[in-house]
1. Can you tell me which condition ALA207 does not meet? The list is (1) touching a residue at least 40 places away in the same chain (Cβ under 8 Å); (2) not in a strand (DSSP E or B), and all the others hold.
2. Can you find a residue in region 143-163 that is in the same structural domain as ARG82 (by TED's automatic domain parsing), in a helix (DSSP H, G or I) and over 19 Å from TYR215 (Cα atoms)?
3. Do you know which residues across region 175-216 are touching a strand residue (DSSP E or B) at 6+ places or on another chain (Cβ under 9 Å) and among the hydroxyl-bearing types (Ser, Thr, Tyr)?
4. Taking only region 195-204 into account, find how many residues are surrounded by 13 or more Cβ atoms within 10 Å (Cβ to Cβ) and not in a helix (DSSP H, G or I).
5. Can you tell me which of GLN146, GLN204, GLN181 is farther than 22 Å from VAL85 by Cα and out of contact with any helix residue (DSSP H, G or I) (no Cβ under 8 Å at 6 or more places or on another chain)?
6. Being in a helix (DSSP H, G or I), closer than 23 Å to LEU81 by Cα and not polar (S, T, N, Q): is that true of CYS138 here?
7. Filter region 166-194 down to the residues that are outside any loop (DSSP other than H, G, I, E, B) and touching a Phe, Trp or Tyr at 6+ places or on another chain (Cβ under 6 Å) and list them by number.
Amino acid sequence: MSLFSRYASTAALAVGLAFTVAGAELSGAQAEETAQDAVGSAALTDERMPVFVSQEVVQPLPAAPEQDAADPAPAAQAGSLRELVSATPTDGALSAELECLAGAIYFEARGEPLMGQLAVAEVIINRSQSGRFPATYCGVVRQPGQFSFVRKGAIPQARRASQAWRNAVAVAQIAHGDQWQTHAGDALYFHARSVRPSWSHRKQALATIDSHIFYR
């Protein structure tokens with residue numbers, strides 16, 4: 001073999017060894033990266049696996065709010081108007097409007113059964129909403145010539161400690177909240193059965209409740 005051939009063979013062998021070492025190092029890097037990927041995949045899989053317990057997990061429900069004992073019973077749960085009146089608190093302060101409404105019930109109908117008192121309250125409320133009378137309860141009650149107990153635009157002082165006043169206050173709140181209905185419906189007028197006003201024949205009679213006749 002010539003000297004040139006020997007040098008060529010030696011060079012080729014050296015190049016082959018270099019490629020073999022480089023290939024081994026590259027394969028090792030790829031194997032390590034693949035192993036790390038496998039570990040990471042296993043860890044990710046473990047994190048996503050559901051965990052089961054041997055006993056039932058019970059989550060407590062939130063406690064229901066306690067109802068204030070002073071709150072009035074809902075009208076739907078009241079078996080009668082008297083029950084609703086009894087369940088309606090009357091010791092709290094009243095607005096000026098409810099004071100006027102309760103005063104009208106007290107002085108105009110305190111001798112009537114509760115249904116008759118409620119019907120009187122409905123007339124006052126209907127008037128305030130009709131657009132043909134003053135727009136407030138106090139304005140309706142104090143309108144000149146409408147209620148005989150009003151003196152120079154003033155409502156007399158009621159006996160606040162009496163059961164009649166407490167009933168009037170309760171009825172006023174019930175009527176204002178539209179919690180109970182009577183046959184008076186949308187009546188705007190009423191009078192005692194013992195009298196016959198001149199205007200009564202021009203109005204449509206809706207109902208007779210106790211000692212009052214109600215008209216539209």
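The values are calculated or read from the model by the stated rules, or taken from the named source; none is laboratory data. The structure presented is a predicted model; accordingly, all values stated were derived computationally and were not measured. Note that each Cβ is placed from the backbone with ideal geometry, even for glycine, and that neighbours are counted across all protein chains shown.
1. Unmet condition: (2).
2. Going through region 143-163, the residues in the same structural domain as ARG82 (by TED's automatic domain parsing) turn out to be 143-163.
Next cut, in a helix (DSSP H, G or I) only: 163.
Restricting the remaining residues to those that are over 19 Å from TYR215 (Cα atoms) gives 163.
There is at least one residue in region 143-163 that is in the same structural domain as ARG82 (by TED's automatic domain parsing), in a helix (DSSP H, G or I) and over 19 Å from TYR215 (Cα atoms).
3. Scanning region 175-216 gives THR182, TYR189, SER200, THR208, SER211, TYR215.
4. The initial filter retains those residues of region 195-204 that are surrounded by 13 or more Cβ atoms within 10 Å (Cβ to Cβ), namely 197, 200, 203.
So of that shortlist, the ones also not in a helix (DSSP H, G or I) come out as 197, 203.
Qualifying residue count, region 195-204: 2.
5. Details: GLN146 fails: out of contact with any helix residue (DSSP H, G or I) (no Cβ under 8 Å at 6 or more places or on another chain); GLN181 fails: farther than 22 Å from VAL85 by Cα.
Unique residue meeting the criteria: GLN204.
6. Working: in a helix (DSSP H, G or I): yes; closer than 23 Å to LEU81 by Cα: no; not polar (S, T, N, Q): yes.
Taking the combined requirement at face value, the residue does not satisfy it.
7. Taking region 166-194 first, the residues outside any loop (DSSP other than H, G, I, E, B) are 166-176, 189-192.
Residues satisfying the conditions are ALA168, ILE174, TYR189, PHE190.
To keep it simple, each residue is scored yes or no on (1) touching a Gly at 6+ places or on another chain (Cβ under 6 Å); (2) over 29 Å from ALA78 (Cα atoms); (3) modelled with pLDDT of 95 or more.
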residue	(1), (2), (3)
VAL120	no, no, yes
GLY131	no, yes, yes
ARG159	no, no, yes
ALA172	no, no, yes
HIS183	no, no, no
ALA187	no, no, yes
SER194	no, yes, no
